[in-house]
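Student: I'd like to ask some things about the structure below.
The values are calculated or read from the model by the stated rules, or taken from the named source; none is laboratory data. Predicted model, so just to flag it, every value in this text is computed and none were measured. All Cβ positions, even for glycine, are placed from backbone atoms using ideal geometry, and neighbour counts span all protein chains on display.
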Amino acid sequence: MKTDDNDIVEVSLEQFASNLDTANCGSGKWSQACDYRFALSEQLGHGESFGFSFSDGSAFQINELNFEKSTKLNAHSGVVCGAFFVLEGHITISLAGGREARVPKGHVGLFFIEKAYCTFLYKAGFNKIVNYTLSPALMSSLMTQYDCETHEASNLLYEKLICLPMTQQIKCAVEQIYNCQFPSQSLKLLIHAKMMELIALLLEHNHTYHNCLNTIKKVDLIALEHAAAYLKSHMQSPPSIGALAKIVGINDHKLKSQFKLVFGQTLYGYLAEARLFQAMELLENSDMPIAQIARQIGYQHAGHFAKNFKACFGTSPSEYRKRLKLGL
């Protein structure tokens, strides 16, 4: 373990997972259901990682890790492929030869890493990341369904690492795993099914997303990203579509049509999703009353907010907060 001049701690995979426990122990849902887990070394911070292994060779891991400093994990990897979903924090993956992908909160990284030296850089603070790996043979067979000649960026085997924004469908599927209250064996069965579903969704999303980007001018992409950021920062009193178009410098017809192409949903659908995920953060990180949370994210009626929250995440705001307090 060492610290570089930029105050980044470097560790090996062995140091990172030194507190490995293969027994099912503890009182939490993940502790009871997982096949193995490890606690982050006190020298690095605190938190735990829970792993699930499946008979087809695939594996699922939940990482809830709070790093004291930005931490770089150095690893030698065989052929490994799958996806990781960044729910909090961000991670940067670097491969030998200079290939790098930064995956921030709200994004997913698709990866197909051949035998090589690679590094994983976690930012300081709380990182909540879910990752899933599956056999290279299965991943390759799934990818051959897509015509990669139409857009080079859609070729996962060529790119090795691809960062994509999560759609609402993808986010909700991940949250359904988190909120599932099934017994251990049924929970593990659901995780496996959901992750296979997510891989299929991601490959389709990658194909359509990059084909869409190829048809949009760079200046318009910048305007669309500005529009998305503006909606998130003004969710309590969002502008009309016409007003938003003027703010970001694009006509309203182009804003509506191209926004849906890039983000996979309408402007109002994107805003509705942003509100719900902001509410989830407030439920996790504050003692604010639920009615006040509803008002803060732009809902006039707490009942309407609770209904939409449950439709997306499979649990009500009050149930979600209760489970957080119980550590479930």
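Student: Checking Leu161 against (1) within 22 Å of Tyr270 (Cα to Cα); (2) aliphatic (A, V, I, L, M); (3) at pLDDT below 80: exactly one of these is not met. Which one?
Tutor: (1)
Student: For Asn308, are the conditions met, namely being within 27 Å of Phe126 (Cβ to Cβ), free of Cβ contacts under 8 Å to residues at least 40 places away in the same chain and polar (S, T, N, Q)? Before you say what the answer is, go through the steps one by one.
Tutor: Values: within 27 Å of Phe126 (Cβ to Cβ): yes; free of Cβ contacts under 8 Å to residues at least 40 places away in the same chain: yes; polar (S, T, N, Q): yes.
When the stated conditions are applied, Asn308 passes them.
Student: While we're looking at this one, here's another question. Is it the case, given these coordinates, that Tyr178 is aromatic (Phe, Trp, Tyr), within 13 Å of Phe85 (Cα to Cα) and in the same structural domain as Met139 (by TED's automatic domain parsing)?
Tutor: Working: aromatic (Phe, Trp, Tyr): yes; within 13 Å of Phe85 (Cα to Cα): yes; in the same structural domain as Met139 (by TED's automatic domain parsing): yes.
The answer is yes for Tyr178.
Student: Just checking, which of Ala311, Ala274 is among the aliphatic types (A, V, I, L, M) and surrounded by 18 or more Cβ atoms within 10 Å (Cβ to Cβ)? Before the answer, list the steps.
Tutor: On the way: Ala311 fails: surrounded by 18 or more Cβ atoms within 10 Å (Cβ to Cβ).
The unique qualifying residue is Ala274.
Student: Which ranges mark the helices (runs of 4 or more DSSP H) fully within segment 279-328 that have 3 or more residues being at pLDDT below 90? Break it down into steps so the answer makes sense when it comes.
Tutor: Working: elements: 290-296, 302-313, 317-326.
Once the helices (runs of 4 or more DSSP H) in segment 279-328 are filtered for at least 3 residues that are at pLDDT below 90, what remains is 302-313, 317-326.
Student: Among (1) over 20 Å from Leu202 (Cβ atoms); (2) modelled with pLDDT under 85, which single condition is Thr92 missing?
Tutor: So Thr92 meets the others, but not (1).
Student: In segment 286-304, is there at least one residue being touching a residue at least 40 places away in the same chain (Cβ under 8 Å), over 20 Å from Gly28 (Cα atoms), of a type in the set (Gly, Ala, Ser) and surrounded by fewer than 19 Cβ atoms within 10 Å (Cβ to Cβ)?
Tutor: yes
Student: Exactly one of these conditions fails for His192: (1) touching a residue at least 40 places away in the same chain (Cβ under 8 Å); (2) out of contact with any strand residue (DSSP E or B) (no Cβ under 8 Å at 6 or more places or on another chain). Give me its number.
Tutor: (2)
Student: Applying the selection to segment 46-65, what residues are buried (at least 19 other Cβ atoms within 10 Å of the Cβ), without any contact (Cβ under 8 Å) to a residue 24 or more places away in the chain and more than 19 Å from Lys194 (Cβ to Cβ)?
Tutor: Glu48
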